[in-house]
Structure formats: C-alpha cells, structure tokens
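So the structure is just underneath, and the comments pick up after that.
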Amino acid sequence: MIAHASELGSQQRLTPWRCWRPHPTGTPHRKALYAVDIVAVKMVPPFGSPFNSYHGVLAALDRLQALDYTTIIPGHGQCGTKQDVTDFEALLHDMEAALSKASQDQGMWPMRGNPAALAHPKVGEVLFAAMDALKPKYGEWQGWDHNSLQALQWVFLYGIYMNE
C-alpha cells in the first residue's frame, strides 16, 4: 500500500493504495519509508535534472540507510527493501567507477574541473564502454535500455567532472 496525502482544508488525509507490483515481503507496514525521486528498486530511472547533485543523492541515500525501516516505497516503480536501497546506491558507485576507468583508458584523466576532458572526442566511447561494463550486472533492471546512457552522462558530468 502507498499512503497518498490530500488536502482537506487545514487537515490532511492519508489514503492507502496498493503498489502495482508487490514486493517480496508483503504489503508495507509501520516500518515503511516513502522516498520520492531519490531511490528506485531494480530500476535505472531517468537521471539528469540539472538540479540534482550526484554527491547529494549519495549523501541522502546514506541518511536513508541510517533510518529504521524495512520497506521502501519509491515515487516510481515497485516497492522494495532496505537491501534494494543498498543495491541502488551500488549502481551509482559502480557507474562512477566504470566511467573513471573508461576515462583513464581513453587518456581523459584527470577529469575533475578539466574542460579539455569534456571536449575530448572520445567522450562517447567512455560512456559506451561504461555501459558495456555495467550491463552484465544491471542490464535486466527496468529502464536500463532507455535510461542508462542518460544516467551515465549525469554521473560523468556531476559526479566526476564537476564533483557536485
């Protein structure tokens, strides 16, 4: 179930809804955490808003993991567990590592604050090399085929180059 808040004058009312896809442990309960647009369960969401800080997202995920919950209810996709949040955070770290390695392999290092690296003609090769390296682990995740390139561009720009 998902709790949906609606305004009723000066009061709010919560209406429970069922998740589209049930998660492995049953319906959410008192130790459920509703986390909109910060985590996805076995999904590569469309990252890349210029207002999202890569390192800010990682810090927020760390803060989420410090909370006492067993069920995560993301804003999109299926419900999951605390382990799913750990797996999502691993995706981001794995993207950064794959991009760093591919950048080094293409002679585009150091990246942080290096405008020449962004203008390098092999930027596309770096992104696709990272996609190829990550596909065996994450290729079955929802959204991989549609969103992984955009997600890698976001990590490349905001996580490695700008370090934000």
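Quick note: the coordinates plus some simple rules give every number you see, no bench work behind them. All figures in this text were calculated on a predicted structure; none of them were measured in a lab. Cβ atoms come from the backbone with ideal geometry, glycine included; neighbour counts cover every protein chain shown.
Annotation: amide H of Val41 within the under-5 Å range of Gln78, sequence separation 5 or more or interchain, hydrogens built in the peptide plane.
Kirkwood-type hydrodynamic radius, segment 89-164: 12.2 Å, calculated from all non-identical alpha-carbon pairs. With θ taken as phi - 60° and the Karplus curve 6.51 cos²θ - 1.76 cosθ + 1.60 applied, the whole-hertz 3J(HN,Hα) list for segment 110-115 is x, 9, 4, x, 9, x Hz, x standing for glycine and proline. When you filter the trypsin sites (Lys or Arg not before Pro) in segment 44-152 for DSSP loop state and at most 11 other Cβ atoms inside 10 Å of their Cβ, you are left with Arg112. The ranking of Asp68, Asp84, Asp132 from fewest to most other beta carbons within 10 Å of each one's beta carbon is Asp68, Asp132, Asp84. All other residues whose Cβ lies under 12 angstrom from that of Ala40 are scored, Lys and Arg at +1 and Asp and Glu at -1, for a net of -3. Going by neighbour counts of Cβ atoms within 10 Å, the residues Ile38, Ile72, Ile160 line up, fewest first, as Ile38, Ile160, Ile72. Computed over Cα pairs, the Kirkwood radius of segment 13-161 leads via Stokes-Einstein (1.306 mPa s, 10 °C) to a diffusion coefficient of 97 µm² per second.
Once fully extended, how much extra length lies between Leu118 and Leu58, figured as 0.36 nm per residue of separation less the alpha-carbon to alpha-carbon distance?
Working: separation 60, 0.36 × 60 = 21.60 nm, distance 2.30 nm.
In short, 19.3 nm is gained.
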